[in-house]
Structures are given as C-alpha cells and as structure tokens.
Amino acid sequence: MSKLHSVRLPHFSASAEQSTRKIPAPEVVAISMAQHIGAPCEPCVAVGDKVKIGQKIGDSEAFMSAPVHASISGVVKEIKDVMNVFGRLCKTVVIENDNKNEMYEELEPPKCDTREDFIKAVREGEAIGLGGAGFPTHVKLGYDKSKVNIEYLLLNGAECEPYITSDYRELMENSDNVLAGIDLIMKKLEIPNAIIGIEEDKLAAIDKLTKLCVRYPNIKVQKLPSAYPQGAEKVLVHSLTGRVVQEGKLPSDVGCVVMNVSTAGFIYGYIKTGVPLIRRRITIDGNIVNNPANFFIPVGTLLHSIVGFADVRKQPDRIVLGGPMMGSCAFDPDTPLGKTNNAVLLFAETVEQKPTNCIRCGRCVRACAANLMPTELEQAFDARDVNELQRLKVNLCMNCGACSFVCPAKRNLAEKNQLAKDFLRAATAPKK
Ligand code: SF4
Ligand code: SF4
C-alpha cells in the first residue's frame, strides 16, 4: 500500500482522561435550521409556542436534509436569521428555558423492522456526521444496493487534530453503544465487515474496543498511524482498506461507507430510546483553560455560555470552534453551537505571524495528502486564473491546513484554497 503524505502534529490532549461532564442548562438556546450539509429546515413552530425536549421544531422535504429538535424545554422566543461561524445567515429558533426539563411525551423507539424503516428512523433521529462534516447519515446509508456493493463499514475514530478528545471519550464511555450501533447498521444494511480506525496513540481506546470486539467477530479494530489528516474520509478509506477513492467518486464506489464512531453510538441510543440528537459532547481546552475536559451541551448553546462556564485564567483573545487545523475563529459571542461543533478552544496571547516570501522549499507539497501543489494553487488564485485552478484541481483540497502548518514562510495556503474554491464555483456557475 503506498504511503500518503501527512504531517506530525503536537499531541495536546489534556482532556483525554477526564470523564464527560454536563454544563448547567443554559437560559436560552438558539437552534439553527441548517445543522447539516444540504437543504436547511423550515421551522414548524411559531413564536410563543411551548416546546419540550426532543420535540421537532424544524424539517424539510428535501432528501439531503435532516429534521431539527428542541434541546431544552421552554417557549419559542424568536425566530430570526443568525450568522453562523462561516458568515452565513441561517434561520434560527430561539428557545427560552422554562427550567422544567420536560421531555416530549411522544418520543418512543422508532419502528425498525426493515432496511427502509431503519434509514427513515435514522433521518427522523436527526443523525448527521458528528465528526464535523454534518453529512446527513440517512443519505450515506441510503445508497442504491443494485448499483454498489458495500463490503466495509469504516468507523472513524482517528480524531487526528490536537486538543479534541470527544470521540475518544465516546469510545471510552459509550463503547457498548458504539459497537451495538455498528452491529445494528451492519445487520440492517447487510454489510459483512466493519473496521474501527483509531490512531495508535489512543492505546486505552484500542485496548478496550479490541477486547469488546470478541463479541462481534465481523468488527475489527485497526491501529492507524498518528499522522494528520488521518481522519479525512479518503485518507481513512486508503489507510483501512488500501482502496483509493478517485476524483469525483465516493467511498461507496470502492465498497465502503464511512461513519464517525460517535454517530454510530448515537444511532444505537436513538433506536433504543427514540431520543433524537439534542445534545453533543464537546472538548473545552486551550492555553488559558485550567481544567480541560469534555462536556455534554444542549444543541444551540450560545458560545458566551461556554466561555462563562469554562474555568479560564484570563479572557480569551481567540476562540476557535473545532480543532486548530480545520476549525474556525468565532467572531460573535452569541454564536450558537451546532451538532457539528466538537470543540471550543480558548486562547490568549496568540501571535499573528506575517507571511513572508515563498522560499520554494516544497514542504507544502510533501505535506499534502491530496497530492496537490499548494504553492502553485496560491499563485493561480492570486491571478484569479480559472483554467489553472481547474488544472491544479483545487476542488480536491480538503482544507486540512497541513500545507499552512508546515510552511516556514507562514503563507496562508489552506485559507487561499478555500477562497479559491468559492471563487471557482462562482466563476463557473451557469449564468442566470
Ligand atoms: S489544505 Fe488542501 S492543499 Fe493544503 S495540504 Fe490540505 S488538502 Fe493539501
Ligand atoms: S512550504 Fe511555504 S515556503 Fe515552502 S514551497 Fe510551500 S509555500 Fe513556499
């Protein structure tokens, strides 16, 4: 198997061995109708409505979508457009907590007799990729069996960015549900094999899951090299099976379905209880946090509630949602956290490093797992050269940030690629 390009990152994982805690219930949550990739939902509640935990508050008829549920009980105070961390306005339902903590009475385990029932239930439960991508899981599982032959369910437990340990805690605290979820998906979709990929530095999780897998002969645990970006979908498929997902193709084209370990654990819990995805585990860490740990937060918790709750030595001057490699800096303390947020990192005394001229060292090229030429892509974007950006295949960039990380000239290569993709999309869109 050929070796993919990768980088070694420092291992900051101070929260890894702390059990997950709960934050106090927030007074208010703001739940975006766009928690996933695909069509946003439309609210199915109105201002003044009383809602309970787990009650549906938004849905869409689009296939590429997933419903949204209330994460606290209370009253719908407002429905308004809120700017998310990527600068996009999203319709958002604001719920004021009545502090009664009431569950919606109609929640019950979904009917799950056939493959179709199961996929429908996964959609109703609001399952999406919890690793950060937010791809609706029912779309991933709803592949056309007559067109693709799925041989492997691949579970992403790589968690390769520094600081983030939420999937690791899922593997340590909810391992029975993770394995039962994998087993359930395999049975419902008739997938013969499953492989859980875990980076080699997470020895306790590897050990625990390997022992538990004795009960599941078709599920195996595979150690992954501790190299970034091991958790990227195409990289994971290659590392676990040796198969290559070609440009424009999906993992299903090479017989694989990839899912995050936390998503598998959630699906099993939902099928047993009927409680949809209303909370998630996030890592709170950073250079000013005294006690880094993981916390369960209701979906829609506002960032300032987290910052107010975190045990910090001083006020942060930079807040990153997600990991330091692929996360985004938050610009508004009222930003609501969604289902795809796996970390809040709080930093102070960060130093802005000014880019200098490229010294043509080639490190960015050697770091790129997608085999791209980041330095040439940067020049093509600076020249707004559509043909060159297409020739250099900027659309294959995963925005993993490895090129920027290794660049001694501190050039913002990954950021430029993100801008270049947006530019190319706009430049090649059909004229209206
Ligand atoms: S950000 Fe894009 S160009 Fe840079 S290393 Fe990652 S995939 Fe390659
Ligand atoms: S790593 Fe930086 S300095 Fe080296 S070739 Fe790439 S852009 Fe230039």
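Amide hydrogen proximity for N260: with H placed 1.01 Å from N in the peptide plane, the residues at 5 or more positions away or on another chain lying under 5 Å are L130, G131, N156.
Could you list H11, H36 so that the one with the fewest beta carbons within 10 Å of its beta carbon is first and the one with the most is last? Spell out each step's value before the answer.
Details: H11 12, H36 28.
Ordered by Cβ neighbours within 10 Å, fewest first: H11, H36.
The phi-based Karplus calculation (6.51 cos²θ - 1.76 cosθ + 1.60; θ = phi - 60°) puts the 3J(HN,Hα) values of the stretch 347-353 at 10, 9, 6, 7, 10, 6, 9 Hz, whole numbers, x for Gly and Pro.
Charge dipole (Cα centre; +1 on Lys/Arg Cβ, -1 on Asp/Glu Cβ; no other charges) of the stretch 115-273 amounts to roughly 440 debye.
Using 0.36 nm times the number of residues separating E96 and K147, minus their current alpha carbon distance, what extension gain do you get? Working shown, then result.
On the way: separation 51, 0.36 × 51 = 18.36 nm, distance 4.72 nm.
Stretched fully, the E96-K147 segment lengthens by 13.6 nm.
When only DSSP loop residues count, what trypsin sites (Lys or Arg not before Pro) in the stretch 268-331 have their Cβ near at most 14 other Cβ atoms within 10 Å?
Working: sites: K272, R279, R280, R281, R313, K314, R318; in loops: R313, K314.
For trypsin sites (Lys or Arg not before Pro) across the stretch 268-331 that sit outside H, G, I, E and B with at most 14 neighbouring Cβ atoms in 10 Å, the list reads R313, K314.
Working note: Karplus 6.51/-1.76/1.60 with θ = phi - 60° gives the stretch 279-290 the couplings 9, 8, 8, 10, 8, 10, 8, x, 6, 10, 8, 6 Hz, where Gly and Pro are set to x.
Most exposed first by the Cβ proxy, i.e. fewest other Cβ within 10 Å, how do F309, F331 rank? Don't skip to the answer; put the middle values down first.
On the way: F309 15, F331 10.
In increasing order of surrounding Cβ atoms, one gets F331, F309.
Note the full-extension length gain between A204 and N395 as 0.36 nm times their separation in residues minus their Cα-Cα distance, in nm to one decimal.
On the way: separation 191, 0.36 × 191 = 68.76 nm, distance 3.71 nm.
Between A204 and N395, full extension yields an extra 65.0 nm.
Determine the alpha carbon to alpha carbon distance for each of K188/K220; K223/K249; K91/K234; K202/K354; K223/K421 and list only those over 28 Å. As for pairs spanning more than 28 Å Cα to Cα, those are K91/K234; K202/K354; K223/K421. I want to make sure I understand the PRE zone here: with the label point 7 angstrom from the Cα of F423 toward its beta carbon, which residues in the stretch 329-364 have backbone N atoms less than 12 Å away? Within reach of a label on F423, which here means backbone N under 12 Å from a point 7 Å along Cα→Cβ, the stretch 329-364 contributes nothing. With both labels modelled 7 Å from their Cα along Cα-to-Cβ, the K22 to S226 distance reads 3.4 nm.
Amide H contacts for C90 (H built 1.01 Å from N in the peptide plane; partners 5 or more residues away or on another chain; cut-off under 5 Å): V82, M83, N84.
By the count of other C-beta atoms within 10 Å, a proxy for reagent exposure, T356, T210, T92, T165 are ordered fewest to most as T356, T210, T92, T165. In square nanometres, what is one fourth of the surface area of the convex hull spanned by the alpha carbons of the stretch 241-343? With the hull built on Cα positions only, its mean projection is 9.3 nm². Each 20 Å bin, from zero up to the one with the longest distance, holds this percent of the alpha carbon pairs of the chain: 25, 59, 16, 0.
Summing Cβ point charges (Lys, Arg +1; Asp, Glu -1) relative to the Cα centre of the chain gives a dipole of roughly 1040 debye. Listed values for the stretch 61-67 are Karplus-derived 3J(HN,Hα) couplings in whole Hz (6.51 cos²θ - 1.76 cosθ + 1.60, θ = phi - 60°), namely 8, 5, 5, 7, 6, 8, x, and x replaces Gly and Pro. If the Kirkwood radius is taken over C-alpha pairs of the stretch 291-432, then at 10 °C and 1.306 mPa s the Stokes-Einstein diffusion coefficient equals 92 µm²/s. I'd like the Kirkwood hydrodynamic radius of the stretch 115-273, using the inverse of the mean 1/r over distinct C-alpha pairs, in Å. Final number for the Kirkwood radius of the stretch 115-273 is 15.5 Å. Farthest towards the positive end of the charge dipole of the stretch 188-283, among the residues S252, T273, S239, is the Cα of T273, using unit charges on the Cβ of Lys, Arg, Asp and Glu.
A simple spin-label model places pseudo-atoms 7 Å from Cα toward Cβ; at N412 and K314 they are separated by 2.5 nm.
None of the figures in this text is laboratory data; all of them are computed from the coordinates on show. What you see is a predicted model; the values in this text were computed from it and never measured. Here Cβ is always computed from backbone atoms with ideal geometry, including for glycine, and neighbour counts include all displayed protein chains.
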